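Below is the structure I would like to discuss, written out as structure tokens.
Here, each number is a calculation from the coordinates, and none is a lab measurement. Predicted model, so just to flag it, every value in this text is computed and none were measured. Note that each Cβ is placed from the backbone with ideal geometry, even for glycine, and that neighbours are counted across all protein chains shown.
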Amino acid sequence: MAELAITKRTNEEWLSALSGDEATVANALEDLRVILLRGLKHALNARADLDYDRMDALAEDAVQDALLTIRDKADTFKGNSMFTTWAHKIAVHKALSELRRKRWKDASLDDMLESGSGIGMFRSSKPGPEGQMVRSQTMTVVQDIIKNELTDRQKQAMVALKIQGMPIQEVADRMGMKRNALYKLMHDARLKLKKRLAQEGLTPEDVLRQFE
Amino acid sequence: MKNLISRLFGRNKRTPAHAMGMPPEMLKGLITSLEKTKPIELDCEDIFARLDEYVDAVLRGDDINTMMPDMKHHLEMCRDCFQEYEILVSAIEAAG
């Protein structure tokens, strides 16, 4: 079995092999391919939430792509982990990015926002039946804060991320932002809401009790 | 506070959570995330940069709560990074 022939390497040996002559590099990359593919196929197929019918082929492509990155970027490996962990990280990221892209390729942010569960959810609260408990008024306060304090882009992102379950990278791409900038946008939104709740004398814990 | 009291006990019509635009589950999720929100948080790229180091620490059984609390916090806040983390652990374990 080819798998039994894989040479165990230390981090230094991996790095040395990947900067060696052509045959040494090819040999190391082939070993790494076997290791990464074995892990990635198993990990992806074990996930019920990653429903995709050509998972093995996707894993093979992701590993191939990862190997190119690993070979080119091996000198950026900081040595803070096992080399193979770093390599797995790159392969997993490639695979998940591709899976998310395929899963959401036909999804439009505009369509989401116009759907029933879209931006309309931030509309003013509707009056409910009389006789509800006082705790509902707390929820009205919370709902109004959310409606009034968040920017349109924060609301858009919230609908896509939290209601539609769209991955952050996919939302960021559609909003013309980097993933980091979108995380920051949502972090700012959370900080603002938390501050406004505090100004109303409410903590998140107080509000969560309304759900009990 | 005065504003809150006036809203709580004023003559406003009372509204159950389910009659509002935002689904209760989303509202609950949002408020839960506020509870965990910190003034400064690592972003997704910070996490990716150190995910290999973090995962090795987890697999060694290191005390990550003490060693890398900000990493752990982001993984609790970010669904996509957490999925990446879980799959990475699974891949490493399967690869042997």
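Let me have the 222 nm mean residue ellipticity of chain A computed from DSSP H runs of 4+ only, each contributing -39500 (n - 2.57), with the sum over all residues rounded to the nearest 500.
Mean residue ellipticity at 222 nm (helix-derived): -20500 deg cm²/dmol.
In the protein assembly as shown, what is the volume of the convex hull around the alpha carbon atoms, normalised per residue and reported in Å³?
Cα convex hull per residue, to the nearest whole number: 148 Å³.
Also, quick follow-up: Provide the per-residue ³J(HN,Hα) series for the stretch A:76-86, in order, calculated from phi with Karplus coefficients 6.51, -1.76, 1.60 and θ = phi - 60°, each as a whole number of Hz, with x at glycine and proline positions.
8, 5, 7, x, 8, 9, 5, 4, 5, 5, 4
Counting only other residues whose beta carbon sits under 13 Å from that of A:SER16, what net charge do I get with K and R as +1, D and E as -1?
Computed value for this residue: -3.
Are there cysteines in the protein assembly as shown with no second cysteine's Cβ under 4.7 Å away, and if so, which?
Taking the Cβ cut-off of 4.7 Å, the unpaired cysteines of the protein assembly as shown are B:CYS44.
Here's something else I'd like to know. For B:TYR85, A:TYR52, B:TYR54, which order do you get if you count the other beta carbons within 10 Å of each Cβ and list the fewest first?
Final ranking by Cβ density, sparse to dense: A:TYR52, B:TYR85, B:TYR54.
Another one. Treating only the Cβ atoms of Lys and Arg (+1) and Asp and Glu (-1) as charged, compute the dipole magnitude of chain A about its Cα centre; round to the nearest 20 debye.
760 debye
If you plug each phi of the stretch A:167-181 into the Karplus form 6.51 cos²θ - 1.76 cosθ + 1.60 with θ = phi - 60°, what whole-Hz ³J(HN,Hα) values come out, in order, with x for Gly and Pro?
These are the phi-based 3J(HN,Hα) values: x, 4, 5, 5, 5, 4, 4, 6, 9, x, 10, 7, 4, 4, 5 Hz.
Further, regarding this structure: Which three extents, in angstrom, do the Cα atoms of the stretch A:1-50 have along their principal axes, listed largest first?
The principal-axis extents, from largest down, are 42, 22, 18 Å.
So, counting K/R as plus one and D/E as minus one, what does the shell of residues with Cβ under 11 Å around A:THR151 add up to?
Result for the local shell: 0.
To continue, here is another question. List, in order, the whole-Hz ³J(HN,Hα) value for each residue of the stretch A:55-67 obtained from phi through the Karplus relation with A = 6.51, B = -1.76, C = 1.60 and θ = phi - 60°; use x for Gly and Pro.
Using θ = phi - 60°, the values come out as 5, 5, 5, 5, 5, 5, 5, 5, 5, 4, 5, 4, 4 Hz.
By the scheme Lys and Arg +1, Asp and Glu -1, what is the net charge of all other residues having a beta-carbon under 9 Å from that of A:ASP61?
-2
With everything on Cα atoms, drop me the angle between helix A:22-45 and the longest principal axis of chain A, reported from 0 to 90° to the nearest 10.
The angle comes out at about 40 degrees.
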